[in-house]
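Asker: First the structure, then my questions, so here it is.
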Amino acid sequence: MVSRPIALLAALLLTAACGAPAHREPRVPEYSAEIVETESARLNAWFEEKFEAAIARDPMRLTALGRRERYGEWTDPSPEFDTESLALQKATVQEMQEKFDFNKLDGQGRLSWRLAVYELERAEANASFRDHGYTFNQMFGVQSSIPAFLINQHKATSAADLDAYISRLEALPAYLGQHLENANRASEKGIQPPSFVYDYVLSDAQRLLTGHPFSGASDGTADSPLMADFRGKTGALVTNATLTQEEADAFIARAEAALLNAVGPAYQATIEELSRQQLNATADDGIWKLPDGAAYYDTRLRAMTTTDLTSDEIHQIGLDEVARLHEEMRAIIVQVGFEGDLQDFFQFMRTDPRFYKPETPEGREEYLAEARAAIARMEADLPSLFNTFPKAGMIVQAVEPFREKSAGKAFYSRPAPDGSRPGVYYANLYRMADMPTYQLEALAFHEGIPGHHMQIAIAQELENVPSFRKYGGYTAYSEGWGLYSELLPKEIGYYSDPYSDFGRLAMEIWRAARLVVDTGLHSRQWTREQAVQYLMENTPNPEGDARKAIDRYIVMPGQATAYKIGMLKIVELRERAKSELGEAFDIRDFHDVVLRDGAVPLAILEENVDAWIAQTKGA
């Protein structure tokens, strides 16, 4: 029997149409296989041309893809560039509709067409709210994304790469200055994050200016984050004999000068301006306070969930799921023989030292080692669940010190397509009290394998699929897959320790509660403290975890709703396939259907699964 929230979600998703072409006729003429193959190949080649033209305008995306073109430049953050990008996207879709015949395309070609139209519709809907996103925030703000990009994305294997790094440092005043101008423009419209966000942002910026060459010794023992990164990359080139020590010293001197003369002043100007802006910021937390805030939130929910679910419907799904998961948690309380109610058990899980690593370097390394071991065990068991496996490797590492105070609990960074950079699961070990070990397995499976790494790496390794689909994404799909990947291991014997299984439930109820607090904050005018208390009363997570999470949802409206909505759809589709196929159901084939097209909106995913069910039944 389908549960009420799943049934509600299924019914509403039927209305989430995805960009089908308006000229499509009821009677579609039949074309030969040769014509279909030729037209589809022609469309794919055209999509690649358009993809190359788009990324040629975006130096930072080129770098993220492991490419060296425009390696010393930043992507233009001006509103004029955004306007031009949308115009080019419109022209691309119009050209596609004029040059190609939808009815002559194969299944993948038709899907690419529909997704191109869908992407344009999404971009046009978002264009009206270009200034509503908070440029400077603690989750993905420019102040921390700049060093994160240089440290993690800008690889250095040659002297030319070091030149490009220095060029980016020297060009930072214009890049950061334009972002500051964007934030000022938004502020004049009454669009500012709550006051507390500025504390995080200013701390990030000040940390970047702490250490040599801004202060301290010049011997490398107390370098600032970017100086340490540049020195490390330069030293590696000396070690492998690409550079002489004399050449390396010259590069380091140039980097020091760029940091002092460009980076330092740009960040100091940002600190001064944001400190001034903070004086005008309010304590109101939700985006209901912004101009057209309700419409903006509706747009965010549609973009994040790829559905037309309203905030009230999402809120109710969250309440229903929290109640269901509480019952499963109570069963574990009985299983472990704990005396007390659910709130007592939550407090026990928050405070018992057996569930937390020490706040020491050794404790942090133990956590990372156990996360790596959990992923390795799962990797060995993948053949029982999957037919297709990623080629790209993956590593686990702690979030860097310069951003660990403000960054989220955990996140994933995709691998470079050329193999030069593995996928990375980042665990934030700033406070070990916020990283309980009973959640360690579920978190590792979500961010790593079979979660984000598997889905994202497989997508970008797909063949005969346009690049815009390989590297694109839909939050409900990708985060829904991540949350589904926490449940999946249980079905092959993982979480045998009831406390670890409780951790899995804790992670799931955390995502269910997000539906409640995100809509509460942004639609129902909940306060920050009200949202924190809801998490504290309904989940076992530590208070620090709850507070950091609510701060995240405040600056990323709607994003947190995608996880549970996406997972519910994947589980619903799997259970439908099991029911209709019976003994013919193979979990490995189901996962191929989910992953084989890359990220798609949930309505498209449902179409794909239904088509597979029909095909399998007819085989």
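Asker: Among the helices (runs of 4 or more DSSP H) lying completely within segment 184-259, list those that include at least 2 residues that are within 30 Å of Met556 (Cα to Cα), assigned by TED's automatic domain parsing to the domain that holds Asn280 and not β-branched (Val, Ile, Thr).
Answerer: On the way: elements: 195-208, 225-239, 245-258.
Once the helices (runs of 4 or more DSSP H) in segment 184-259 are filtered for at least 2 residues that are within 30 Å of Met556 (Cα to Cα), assigned by TED's automatic domain parsing to the domain that holds Asn280 and not β-branched (Val, Ile, Thr), what remains is 195-208, 225-239.
Asker: Which residues, counting only those in segment 361-392, are more than 26 Å from Ala459 (Cα to Cα) and free of Cβ contacts under 8 Å to residues at least 60 places away in the same chain?
Answerer: Here is the first cut: in segment 361-392, the residues more than 26 Å from Ala459 (Cα to Cα) are 361-370.
Pro361, Glu362, Glu365, Glu366, Ala369 - these are the residues of segment 361-392 that are more than 26 Å from Ala459 (Cα to Cα) and free of Cβ contacts under 8 Å to residues at least 60 places away in the same chain.
Yes/no per residue for (1) farther than 26 Å from Leu301 by Cα; (2) free of Cβ contacts under 8 Å to residues at least 60 places away in the same chain; (3) assigned by TED's automatic domain parsing to the domain that holds Phe348; (4) not in a helix (DSSP H, G or I):
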residue	(1), (2), (3), (4)
Tyr438	yes, no, yes, no
Glu441	yes, no, yes, no
Ala444	yes, no, yes, no
Ile449	yes, no, yes, yes
Gln455	no, no, yes, no
Phe468	no, no, yes, no
Ala476	no, no, yes, no
Leu483	no, no, yes, no
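Asker: If you check Glu543 against the conditions, is it over 18 Å from Leu605 (Cα atoms) and at pLDDT below 95?
Answerer: Details: over 18 Å from Leu605 (Cα atoms): yes; at pLDDT below 95: yes.
So Glu543 passes the test.
Asker: Among the residues of segment 272-317, which ones are under 21 Å from the mean Cα position of the chain (by Cα), part of a helix (DSSP H, G or I) and not hydrophobic (A, V, I, L, M, F, W, C)?
Answerer: The answer is Tyr296, Tyr297, Asp298, Thr299, Arg300, Arg302, Thr305.
Asker: Here is a check on your reading of the model: is Leu462 more than 16 Å from the chain's Cα centre (by Cα), surrounded by fewer than 23 Cβ atoms within 10 Å (Cβ to Cβ), touching a residue at least 40 places away in the same chain (Cβ under 8 Å) and not in a loop (DSSP other than H, G, I, E, B)?
Answerer: no
Asker: Another question about this same structure. For Lys155, state whether it is over 21 Å from the mean Cα position of the chain (by Cα), in a helix (DSSP H, G or I) and in contact (Cβ under 8 Å) with a residue 12 or more places away in the chain. Walk me through how you get there before you give the answer.
Answerer: Values: over 21 Å from the mean Cα position of the chain (by Cα): yes; in a helix (DSSP H, G or I): no; in contact (Cβ under 8 Å) with a residue 12 or more places away in the chain: yes.
Taking the combined requirement at face value, the residue does not satisfy it.
Asker: A further question on this structure: Do you know which of the residues in segment 460-511 that are farther than 21 Å from Ala560 by Cα and among the polar types (S, T, N, Q) is modelled with the lowest pLDDT?
Answerer: The residue in question is Asn464.
Asker: Of the numbered conditions (1) within 27 Å of Ala171 (Cα to Cα); (2) in contact (Cβ under 8 Å) with a residue 12 or more places away in the chain, Glu84 satisfies every one except a single condition; which is it?
Answerer: (2)
Okay, residues lined up against (1) aromatic (Phe, Trp, Tyr); (2) assigned to a loop (DSSP other than H, G, I, E, B):
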| residue | (1), (2) |
| --- | --- |
| Phe345 | yes, no |
| Phe348 | yes, no |
| Arg354 | no, no |
| Glu359 | no, yes |
| Glu366 | no, no |
| Arg372 | no, no |
| Ile375 | no, no |
| Ala380 | no, no |
| Pro390 | no, yes |
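Asker: As an exercise: evaluate Asn240 against (1) buried (at least 21 other Cβ atoms within 10 Å of the Cβ); (2) over 34 Å from the mean Cα position of the chain (by Cα) and give the number of the one condition it does not meet.
Answerer: All conditions are met except number (1).
Asker: While we're looking at this one, here's another question. Ile395 is checked against (1) among the aliphatic types (A, V, I, L, M); (2) touching a Gly at 6+ places or on another chain (Cβ under 8 Å); (3) surrounded by 20 or more Cβ atoms within 10 Å (Cβ to Cβ) and fails just one. What number does that condition carry?
Answerer: So the condition that Ile395 fails would be (3).
The values are calculated or read from the model by the stated rules, or taken from the named source; none is laboratory data. In this text, all values refer to a predicted model and were calculated from it rather than measured experimentally. Note that we place each Cβ from the backbone using ideal geometry, even for glycine, and neighbour counts take in every protein chain shown.
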